[in-house]
Amino acid sequence: MQLDQLVIGGTALNSRFFLGTGRYPNPFVQNAAIESSGAQVLTFAIRRINLDAPEEDAILQHFEGKSFTYLPNTSGARTADEAVRIARLARASGIGSWIKVEISANEKTLLPDPIETLKATEQLASEGFVVLPYTSDDPILCKRLEEAGAAAVMPGGAPIGTGLGILNPYNIGLIVEEASVPVIVDAGLGSAQDVVQAMELGVDGILMNTPVAKAKDPVRMALAMKLAIEAGRLSYLAGRIPKKRYASASSGLEQLISNPNK
């Protein structure tokens with residue numbers, strides 16, 4: 001079977017699973033879950049990292065000697081200016097040029113601020129960052145973010161950490177239909193079923209943290225999510241049968257009835 005890679009910002013990825021590094025019971029479970037997931041892209045809040053000595057940071061040091069693409073996020077930023085400043089600090093510290101723009105103005109819902117997210121995306125893309133903005137499931141906004149220079153768009157299936165799944169599959173489908181950059185569903189998923197549904201809608205990947213880190217068995221759940229991504233992707237590429245109102249025999253029973261002697 002032909003290799004089905006995901007390419008973002010010139011980087012080819014064999015895994016379509018983007019995994020968060022927070023909220024695990026301990027570093028040992030964290031590392032085992034990451035290995036089980038097969039993820040190549042790890043995301044974390046820049047505010048949790050010691051930018052003065054990232055190589056000695058308590059989070060990043062656990063991945064020493066392993067090859068990952070880091071996707072730091074601007075969680076905690078309330079404005080575009082704050083997000084841009086955080087991203088610049090992260091790049092200056094040597095973490096890299098990938099950045100997940102995450103700007104929330106409401107602590108209760110943690111929904112992304114569309115205006116500030118668009119501003120930050122435009123500014124950071126102009127500075128050479130590989131920008132992956134976390135956004136709402138608004139097809140128009142996702143297209144505007146793409147036009148502003150986003151290397152991928154990351155609509156939420158539901159608010160962060162809720163585990164409600166894909167609340168608006170119609171919108172996600174429209175985003176996929178209109179996008180010329182990869183679409184990564186970020187936030188709100190809770191189970192392998194949610195992941196398969198998202199992938200069957202045609203999205204290019206899944207980013208999650210809480211559903212794995214807070215599962216009863218994070219290592220096993222990481223594997224379940226990995227397999228769900230692969231199954232959903234294969235199902236999407238294979239093409240499902242159209243839905244019909246009435247039954248349709250698959251064995252040719254109607255021919256046997258009309259020709260009883262055969």
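What follows is calculated from the coordinates using simple rules that are stated; it is not laboratory data. Keep in mind the model is a prediction, meaning the values are calculated, not measured. In this analysis, Cβ positions are derived from the backbone assuming ideal geometry, glycine residues included, and neighbour counts consider all displayed protein chains.
Rounded to the nearest 500, what is the chain's calculated 222 nm mean residue ellipticity when only DSSP H runs of at least 4 contribute -39500 (n - 2.57) each, over all residues? When only DSSP H runs of four or more count, the value is -11000 deg cm²/dmol. The residue list Gly94, Ala151, Ala198 was ranked by how far each Cα lies along the charge dipole of the chain toward its positive end, using unit charges on Cβ atoms, and Ala198 comes out on top. Per-residue packing, averaged as other Cβ atoms within 10 Å, sorts the ranges 241-250, 28-37 into the order 28-37, 241-250, beginning with the highest. In the chain, the DSSP beta bridges split such that about 15 percent are antiparallel, to the nearest 5.
Rounded to the nearest 5, the antiparallel percentage of DSSP beta bridges internal to segment 75-159 is 10%. On the principal axes of its alpha-carbon atoms, the chain has extents of 84, 40, 38 Å, going from largest to smallest. Amide H contacts for Val101 (H built 1.01 Å from N in the peptide plane; partners 5 or more residues away or on another chain; cut-off under 5 Å): Leu132, Tyr134. Taking Cβ atoms as reference points and 11 Å as the exclusive limit, the residues near Leu174 contribute a net charge of -3, counting Lys and Arg as +1 and Asp and Glu as -1.
Taking other residues whose beta carbon is less than 13 angstrom from the beta carbon of Leu124, and scoring Lys, Arg as +1 and Asp, Glu as -1, yields -1.
Pairs of Cα atoms nearer than 8 Å and 6+ residues apart set the relative contact order; for the chain it is 17 percent. The largest-to-smallest principal axis extents of the Cα set in segment 123-262 are 76, 39, 22 Å. For Ala45, the amide hydrogen comes within under 5 Å of the amide hydrogens of Asn73, counting only partners 5 or more places away or on other chains and with H modelled in the peptide plane.
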